[in-house]
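Only one structure is covered here, and it is reproduced in the block below.
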Amino acid sequence: MNKVVKNVEEALVGIKDDMTLMLGGFGLCGIPENSIAHLVKMGVKNLTCISNNAGVDGFGLGLLLESKQVKKMISSYVGENDEFERQMLSGELEVDLIPQGSLAERCRAGGAGIPAFYTPAGYGTEVAEGKEVRIYNGKPHILEEALTADFAIVKAWKGDTEGNLIFKATARNFNPMMATAGRITIAEVEELVEAGELNPNDIHTPGIFVQRIFKGEKFEKRIEQRTVRQK
Amino acid sequence: MALDKVGIAKRIAQELRDGWYVNLGIGIPTLVANYIPEGIEVEFQSENGILGMGAFPFEGEEDADLINAGKQTITARKGASFFDSATSFAMIRGQHVQLTVLGAMEVSQNGDIANWKIPGKMVKGMGGAMDLVASAENIIVAMMHSNKAGESKILSKCTLPLTGVGCVKKVVTELAVLEIKDGKFHLIERAPGVSVEEIISKTEGELVIPNNVPEMVL
């Protein structure tokens, strides 16, 4: 089944105000940067964005925050973004902070048809407020519910026309779970090849989870913390 | 003399054991990787999705797709593996990782830890810290004994929003190694030249002092 769309414009057709989006990536690593830039152009508003981080000032999801298109963020760590902190502390932006492992598992559950699960993470903290507690193996766990989205937007290294995806290094992060949890999943890839060119043994995300795939026009791949050692 | 950050990292490195998988948090914990005792092999996990994390890359060899949980560019060691975030936290929650070292703003005598939020002031989020402390068998906190205002961070009860309850087993500061047992801090070692009196005066929580408190050997 051919999932290829021409470009980012065509890929993002149907995204409207008030929708919930999942966006892959950890920090600026493995984020769908072409799609984010285009969401700014589209001007869709009141978005709920599920993403581990919120970008930085001037790049990634930081762009959507600056243009005030985000109503609510569901994330685990947002410390790299001054505009985010300002909007959150002033109450302009709703924020739901979730432990990183719970966020990953909630996306996985959402894509896997599991409505909720128990986890020890967050027990006895603010995160547990209002959540059901059960003891397993003598230890308290809290009930966390699955997450799904109207659109999941992921970024992969290589993809084929069937929507099969391969991620590179730590740019994989949240992308595979989110790909499963979108009613429509859009993949932007660095390299788009014909079906048959990728070895089926190497596929991380099978094409069944991907509805639209396109080759990103350009990848800036900004580095947040450039750390090096001397030769 | 009180230890510097490197000293704290060196002392924590002595806790490493051969064959352990270890998760190091951001800040002082990251430095622990530089002081692995000779003759043992440990493997570092970073929760964004790598096992077998190596040193920082040489200048010009940075890869934007290869970072650690602190978003720093890194390298992968021989035998490393990459995985998604759900698999990464399966390693953590499933107790496949033997040791977690992380920083904190406060630790209490029953092992509670607070390190993610100062209400009204600083809200960065918990990242993976809540998952890590909820499951790790062995959690060591690396931090300074007091905050910038000079107030003790070693408390009878945490005042900041908690990251986890009853989970911290050991605290290493610039002054001391403390063990948490039976709802109390126990002074195990002191930094070279630091007096027991100084440690007592800078510790707000209940502190048990044995007759003999050896100096750390670094």
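Read the figures in this text as sums done on the coordinates, not as results from a lab. All of these numbers come straight from a predicted model, not from anything done at the bench. Cβ: placed from backbone, ideal geometry, glycine included. Neighbour counts: every protein chain shown.
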So, B:ASP63, is that one closer than 30 Å to A:ILE203 by Cα and acidic (Asp, Glu) or not?
yes
If a residue counts only when it is under 22 Å from A:ILE50 (Cβ atoms), which strands (runs of 3 or more DSSP E) contained entirely in region A:117-230 have at least 1 such residues?
A:139-145, A:149-160, A:182-193, A:212-215
For region A:53-84, name all the residues that are crowded, with 20+ Cβ neighbours inside 10 Å and among the charged types (D, E, K, R).
A:GLU80
Tell me, which strands (runs of 3 or more DSSP E) lie completely within region A:1-85 with 2 or more residues that are over 19 Å from A:ILE184 (Cα atoms) and out of contact with any helix residue (DSSP H, G or I) (no Cβ under 8 Å at 6 or more places or on another chain)?
A:70-75
Test B:GLU215 against the stated conditions and say whether it is in contact (Cβ under 8 Å) with a residue 12 or more places away in the chain and farther than 30 Å from A:SER90 by Cβ.
yes
So which residues in region A:12-70 are among the β-branched types (Val, Ile, Thr) and over 21 Å from A:TRP157 (Cβ atoms)?
A:VAL13, A:ILE15, A:THR20, A:VAL40, A:VAL44, A:THR48, A:ILE50, A:VAL56, A:VAL70
For the subset of region A:94-104 comprising residues that are at the interface with chain B (Cβ under 7 Å from one of its Cβ atoms) and free of Cβ contacts under 8 Å to residues at least 40 places away in the same chain, which member is surrounded by the fewest Cβ atoms within 10 Å (Cβ to Cβ)?
A:LEU97
Where A:ILE114 falls short, out of the listed (1) crowded, with 17+ Cβ neighbours inside 10 Å; (2) more than 9 Å from chain B (Cβ to nearest Cβ); (3) in a loop (DSSP other than H, G, I, E, B); (4) of a type in the set (A, V, I, L, M)
(1)
Anything in region B:60-86 that is under 21 Å from the mean Cα position of the chain (by Cα) and on the phi > 0 side of the Ramachandran plot? List them, or say none.
B:LYS71
Could you list, in sequence order, all residues of region A:169-194 that are in contact (Cβ under 8 Å) with a residue 60 or more places away in the chain and over 15 Å from the mean Cα position of the chain (by Cα)?
A:LEU192
